[in-house]
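One structure is given here, and the rest of the page talks about it.
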Amino acid sequence: MGKTIIISNRLPVQLQINNGGINAVPSVGGLATGMKSVHSGSESLWIGWSGLTDEDIPAELEGDIDKALKKNGCAKVSLNAEEIDGFYYGFSNRTVWPLFHYFLEYSEFELNFWNVYKSVNQKFADAIIENSGEDDTIWVHDYQLMLVPQMVREKRPNTTIGFFLHIPFPSYEIFRTLPWREEILEGLLGSDLIGFHTYDYERHFLSSVRRLLGLEVSFNDVFMDNRVIKVDSFPMGIDYKKFKNAASSHKLENSEERSDLQMRLDSHKASAPDTKLILSIDRLDYSKGIAKRLNAFEYFLNKYPEYKEKVRLIILAVPSRSNVPQYQLLKKEIDELVGRINGEFSTVNWTPIWYFYRSMPFENLIDLYTNSDIAWLTPLRDGMNLVAKEYIATRTDKTGVLILSEMAGSAYEMNEALLINPNNFEEQADTLQKAINMPVEEQISRNTFLQNRLERYNVEVWANEFMNALNQKRELGHAFISQ
Ligand code: ADQ
């Protein structure tokens, strides 16, 4: 058996150019952590974009960069600024991302975006061919690279290829609006195994395959060109131990070691011990429902005025895709909403919303998770939503209430959370009130179920289950045996 080749838009390392030298620092993101068990030793290679465009890389450092990446088991696909514009900011984030999250009105159908997307996908496929052998197993990740499986299959008909989509796959009625819908489906069907977070996304995909390509589908098998492609759901977990341990040791820290943020949280607790902290953490993205959440919070304060000065909403929004106009507009909308609500409700002793627009180090995320009485996550659509899982994992005493949108993939596995429709303000206001007053025993009972499940189905299990299913396909071979 050959190597495992992992392909994603971004590599799991950050390149830093300093004093004329190069450093490759491993990223700590969910995917990088989850793939650790797959991407270890010399038997695997991760191919992706380094995060630096050709224009950013001095020619004399090219060799050092490749060496630094190689040391981390990585190889880069080089992209220039124009390619990043058309492929990443363009087709990936102005066409596919909005469409697959049901924001049809934001989706731009630009021929130029599509052409660049195709040529960049071809570059990734070429990099795979160059760096792999017939016997290797290939795992392609996410919506930026949906054409890659077929492009590799054309050159390597017998290679084993898996694909995992991290965002929702939309219903047929939405997907059919895409001008290049057949090409996307055919691109994905170059795989032997296609994975989604939930059964619903899997069903939507199969329905599109049947209706748009007219292919035979039986249960979760698609029959195409004498091949059988398996489609299945693999809900992604988190590194449960990492979050649990960070939260346990966080509690033991003495005051001198506490972060500035933790000290601010400490003084908040000392001055207002009865005030409940409500937390939301997301990338600043319209799919996450941040503006609606703020409106719902305002509605709650008007409906239940007795909670003024008794609750505080912490909004942590990570800057994201700020080159895309929709994200700039959203940033402005959120700034204004926060200003308006704070202006309307603040008192001398109380500001209802603390708003942070930044990425935070891991320790600060843990500060926020462990200090918040309630996590309030209201995406309008979300492939999975790992923040919901991370919050529960950090609740070492099992207290805390999770309010979660039923539109998040994670809601399917987190039935013990308080599930809400993010468009229903009445329901959200009443649920906040319920969360604030939930007896501790009920919190413990709900979180015990949630934690057990998260511990069992952690991210390593997710990666291993996908790889096992892919290896099974390899063992079965590619020939379609007609019955
Ligand atoms: P995202 O849309 O990025 O991921 P999510 O699953 O919530 O959404 O993951 C966000 C990650 O970023 C979490 O691990 C969180 O801890 C971290 N993070 C959030 N705010 C941060 C901050 N301010 N500073 C530092 N880190 C922060 C996409 C899909 C999701 C899917 C994942 C995984 O959109 O639906 O769950 O991929 O498949």
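The orientation-averaged projection of the convex hull spanning the C-alpha atoms of the chain amounts to 24.0 square nanometres. Take the Cα of Tyr304, go 7 Å toward its beta carbon, and the backbone nitrogen atoms of segment 353-386 under 17 Å from that spot belong to 353, 372-378.
For the peptides 438-444, 362-368, 384-390, the ranking by packing is 384-390, 362-368, 438-444, with the highest mean count of neighbouring Cβ atoms within 10 Å listed first.
Per-residue ellipticity at 222 nm computed for the chain from its helices equals -13000 deg cm²/dmol, with DSSP H segments shorter than 4 residues left out and the rest contributing -39,500 (n - 2.57).
Pairwise Cα distances in segment 378-443 exceed 17 Å for 41 percent of all pairs. Per residue, the average separation of C-alpha pairs within less than 8 Å and at least 6 apart gives the chain a relative contact order of 14 percent.
Among beta bridges from DSSP that stay inside the chain, the antiparallel ones total about 25%. Phi angles across segment 333-349 convert, under the Karplus curve 6.51 cos²θ - 1.76 cosθ + 1.60 with θ = phi - 60°, into 3J(HN,Hα) values of 4, 5, 3, 5, 4, 4, x, 5, 5, 5, x, 6, 10, 4, 10, 4, 9 Hz, Gly and Pro given as x. Sorted on the mean count of surrounding Cβ atoms within 10 Å across their residues, most packed first, peptides 466-474, 232-240, 216-224 read 232-240, 466-474, 216-224. For segment 143-285, the spread of Cα coordinates along the three principal axes comes to 67, 33, 25 Å, biggest extent given first.
Centre-to-centre, using Cα atoms only, segment 417-463 and segment 1-70 are separated by 36 Å. Other residues with beta-carbon under 9 Å from the beta-carbon of Lys276 carry, at +1 per Lys or Arg and -1 per Asp or Glu, a net charge of 0.
Here the mean projected area of the convex hull built on the C-alpha positions of segment 109-183 is 5.3 nm². What the pair-distance distribution of segment 299-392 shows, using all Cα-Cα distances binned every 10 Å from zero, is 12, 40, 39, 9, 0 percent. Label-to-label distance for Asn424 and Asn158 is 5.6 nm, based on points extended 7 Å past Cα in the beta-carbon direction. May I ask for the net charge around Glu455, where only other residues with Cβ less than 10 Å from the Cβ of Glu455 are counted and Lys, Arg are +1 while Asp, Glu are -1? Combined, the nearby Lys, Arg, Asp and Glu give +4.
If you take the square roots of the eigenvalues of the alpha-carbon gyration tensor of segment 1-136 and sort them as a ≥ b ≥ c, do you get rounded (a/c under 1.5), prolate (a/b over b/c) or oblate? It comes out prolate by the Cα gyration axes.
Partner aspartates and glutamates whose Cα lies under 14 Å from the Cα of Lys276, excluding those fewer than 8 positions away in the same chain, are identified as Asp266, Glu306, Glu309, Asp373. What the Cα atoms of segment 394-483 give is an Rg and a Dmax of 19.4, 61 Å.
Computed from backbone phi with θ = phi - 60° and the Karplus coefficients 6.51, -1.76 and 1.60, the 3J(HN,Hα) list for segment 388-397 is 4, 6, 5, 4, 5, 5, 8, 8, 5, 8 Hz; x is used for glycine and proline. The lysines whose alpha-carbon is closer than 18 Å to the alpha-carbon of Lys242, local same-chain residues fewer than 8 away aside, are Lys36, Lys251, Lys389, Lys398.
Excluding residues fewer than 8 places away in the same chain, name every one of the aspartates and glutamates whose C-alpha is closer than 13 Å to that of Lys332. Within reach: Asp285.
No value in this document is a laboratory result; all are computed from the given coordinates. Please read all numbers here as calculations on a predicted model, not as lab measurements. A quick note on method: Cβ atoms are made from the backbone with ideal geometry, for glycine too, and the neighbour counts reach across all protein chains shown.
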